[in-house]
């Protein structure tokens, strides 16, 4: 946006690129078409969830490693029922509900089925949000062209006044500018961002499912930690190992002191 504004100001004033009628046709018209394509409740929910998703902190798979190591160590010492004391410390509802099922003795197949169903419905909701913004991104340029055609018709009806041709052409082209700008700078990038964040959240939750089932099976804490690290990229694994090494060195220095 900064580069676009810079490009505008290098050749003209910003006021030359402001047309309220063009915005009304492009933004308002494309949103009206969006209401035809989707249900009002779906759009309202998508816009609300989108703000939450874009503003909330990203879920880090690397943060699960130490948590599950601690849980595994405690369960090996005191049993799975002792993990009930840790439920209040867990903020993630998905992880808390899964751990509760493990403590309650649900069958592994039942736990996986329930949690994977929840992941599937989550991805479907995310897909709806992506579809809304992709559709909006495809509609905006079309309504920009409609605004341009309207402006051209109005300009052609006033050919007897040559002074109005230049300003009329400028207003007509602005709607195409608005449509392209909204589609390529706002709607389609938001759809892409939502897709990436959805993939990250699904991977995070799948790692939780595997870790919970391994915890229930009594897997060695070290093996459990390596299982979670398998979900990380090589760079993220290196960062986790560096943090672990730094933490070990700090504990060693503290013990020597």
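How high is the FRET efficiency from residue 40 to residue 186, r the C-beta distance, R0 25 Å, rounded to 0.05? E between residue 40 and residue 186, to the nearest 0.05, is 0.75. Each residue, residue 97 and residue 233, gets one label point 7 Å from its Cα in the Cβ direction; the gap between the two is 3.0 nm.
Under 17 Å from a label point set 7 Å out along the Cα-to-Cβ vector of residue 106, the amide N atoms of the stretch 173-207 belong to 205-207. For the chain, relative contact order (Cα pairs under 8 Å, six or more residues apart, normalised by length) works out to 32 percent. Averaging over all projection directions, the Cα-based convex hull of the stretch 1-99 occupies 11.4 nm² in the image plane. Debye calculation, C-alpha points only, no solvent: report log10 I(q)/I(0) for the stretch 162-228 at q = 0.16 Å⁻¹, in the same order as the q values. Log10 I(q)/I(0), no solvent term: -0.72.
The angle between the Cα long axis of helix 93-103 and the main principal axis of the chain comes to about 20°, on a 0 to 90 degree scale. First check a/c for the chain, with a ≥ b ≥ c the square roots of the eigenvalues of its C-alpha gyration tensor; if it is under 1.5, answer rounded, and if not, answer prolate when a/b is larger than b/c or oblate otherwise. The shape class here is prolate.
As an exercise, use a Förster radius of 51 Å and the Cβ-Cβ distance of residue 86 and residue 14 to find the FRET efficiency, rounded to the nearest 0.05. Please list the in-between numbers first.
Details: r = 56 Å, r/R0 = 1.10.
So, using R0 = 51 Å, E works out to roughly 0.35.
Given labels modelled 7 Å from the Cα in the Cβ direction, how far is it in nm from residue 153 to residue 55? Placing both labels 7 Å along Cα→Cβ, they lie 4.1 nm apart. Cα extents for the stretch 35-150 along the principal axes, largest to smallest and rounded to whole angstrom: 76, 26, 18. As a proxy for reagent exposure, 180, 110 were ordered by neighbouring Cβ count within 10 angstrom, fewest first; the result is 110, 180.
Hey, what's the Cα Rg ratio for the stretch 122-206 versus the globular rule of thumb, 2.2 N^0.38 Å? Don't skip to the answer; put the middle values down first.
On the way: Rg = 19.2 Å, N = 85, 2.2 N^0.38 = 11.9 Å.
Relative to the 2.2 N^0.38 Å estimate, the stretch 122-206 comes out at 1.62.
In whole percent, what relative contact order does the stretch 1-126 give with Cα contacts below 8 Å and a gap of six or more residues?
Details: 24 pairs, mean separation 12.8, N = 126.
Once normalised by length, the contact order is 10 percent.
With Cα atoms defining each centre, the stretch 1-30 and the stretch 149-208 are spaced 10 Å apart in the structure. Seen from all directions on average, the stretch 91-158 presents a Cα convex hull projection of 6.7 nm².
Quick note: the coordinates plus some simple rules give every number you see, no bench work behind them. The structure presented is a predicted model; accordingly, all values stated were derived computationally and were not measured. Positions of Cβ are backbone-derived with ideal geometry, glycine not excepted, and every protein chain shown enters the neighbour counts.
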